[in-house]
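Visitor: Here's a structure for you.
The values are calculated or read from the model by the stated rules, or taken from the named source; none is laboratory data. Just so it is clear, the structure is predicted and the values come from calculations on it, not from any experiment. Using ideal geometry, Cβ is built from the backbone for each residue, glycine included, and neighbour counts are taken over all protein chains shown. Note: areas computed on protein heavy atoms with side chains; ligands, DNA, RNA excluded. Shrake-Rupley method; radii C 1.70, N 1.55, O 1.52, S 1.80 Å.
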Amino acid sequence: MSKRDNLIFKGLHIIAWIIFVALCIEAGALLFNFIFSIFKPEVVKNLYQKLDLSEMYQFNQGIFYGIYSFILFIAVLKAYLFYLVILLLSKMDLSKPFSSYVSTKITNISYLTLSVGLISYIAQQVVKSLEHYGLVSEQLNPFWADSQAYILMSAVIYVIATIFSRGVEIQNENDLTV
Amino acid sequence: MPIIVNLDVMMAKRKISLNELSTRVDLTLSNLSILKTGKAKAVRFSTLEAICKALDCQPGDILEFVEDE
């Protein structure tokens, strides 16, 4: 393994940690807002990142809580996704990468990425359908703007996971060749 | 697995220890142990040749095919 690869890996590890902390803060803030909105409905005017869902709340509280649950669930899933990435980067040995641990983690990451993509896509479509009732949803777009990218990414990661699982088999065979 | 490794039988016949065989065939003890216990997935011809030379036997004396029930 070259020095450059080592440096790139360390850089990726640091970036993954930064993204993980940012996503945890976002998920925490959204969760705090969610709990707060149950007890004090006035805050729905000024939620996380100045999100104003008061119109939706007044229209139907069930819809508000449903959509907000989508946002919250996606945020938590994204944070967990990066937690898995950190685990993978910290436990991966670049000199001997084909281990069952790495293979399982990459497979889990691909499933989780697909879940984020699909849930984001479903949420996007649900919010779009609410436009018929006059509910403006532009503010919500940043939460699921990249749903297709996540679905595509999950497919790529799944291919890598499959290659890794075959690599683990070959590695085991090689280790048990006398 | 239907391929049985009879290395221990041949070693007993030739009255040779695992340590001695390991030195003669230039294989690590752990690798020889993998072979002896039947955990090995493959055997290199060079390894087989060295073992046959050290134990003065044929490959058929070490490897045996027994059909699964």
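Visitor: Choose one of B:PHE65, B:LEU48, B:SER17: the residue whose Cα lies farthest towards the positive end of the charge dipole of chain B (beta-carbon charges +1 Lys, Arg; -1 Asp, Glu; about the Cα centre).
Guide: Farthest towards the positive pole: B:SER17.
Visitor: Counting helices only, and only those DSSP H runs with n ≥ 4, report the 222 nm mean residue ellipticity of the protein assembly as shown as the sum of -39,500 (n - 2.57) divided by its residues, in deg cm²/dmol to the nearest 500.
Guide: Taken over the protein assembly as shown, the calculation gives -23500 deg cm²/dmol.
Visitor: Turning to a different aspect of this structure: Between B:GLN58 and B:LEU18, what FRET efficiency follows from the Cβ-Cβ distance if R0 is 30 Å, with the result rounded to 0.05?
Guide: Calculated transfer efficiency: 0.90.
Visitor: Calculate, for the protein assembly as shown, the solvent-accessible area per residue in square angstrom, rolling a 1.4 angstrom probe over the heavy atoms of the protein chains.
Guide: I get 61 Å² per residue for the protein assembly as shown.
Visitor: Can you tally the net charge around A:LEU112? Count Lys and Arg as +1, Asp and Glu as -1, for every other residue whose Cβ sits under 12 Å from the Cβ of A:LEU112.
Guide: Computed value for this residue: +2.
Visitor: Using alpha carbon coordinates only, what is the Rg to Rh ratio of chain A, with Rh defined as the Kirkwood radius?
Guide: Taking Rh as the inverse mean 1/r over Cα pairs, Rg/Rh reads 1.11.
Visitor: What's the extension gain from A:VAL21 to A:ILE163 if we count 0.36 nm per residue and subtract their Cα-Cα distance?
Guide: Length gained between A:VAL21 and A:ILE163: 48.1 nm.
Visitor: Take the residue pairs A:LYS50/A:LYS128; A:LYS78/A:LYS128; A:LYS10/B:LYS41; A:LYS3/A:LYS96; A:LYS50/A:LYS105; A:LYS10/A:LYS50 and return only those whose Cα atoms are more than 25 Å apart.
Guide: Table pairs above 25 Å Cα-Cα are A:LYS10/B:LYS41; A:LYS50/A:LYS105; A:LYS10/A:LYS50.
Visitor: Among A:79-89, A:29-39, how do they line up by average Cβ neighbours within 10 Å per residue, starting with the highest?
Guide: A:79-89, A:29-39
Visitor: Using only Cα atoms, find the angle between the long axis of helix A:147-175 and the longest principal axis of chain A, and express it within 0 to 90 degrees, rounded to the nearest 10.
Guide: 20 degrees
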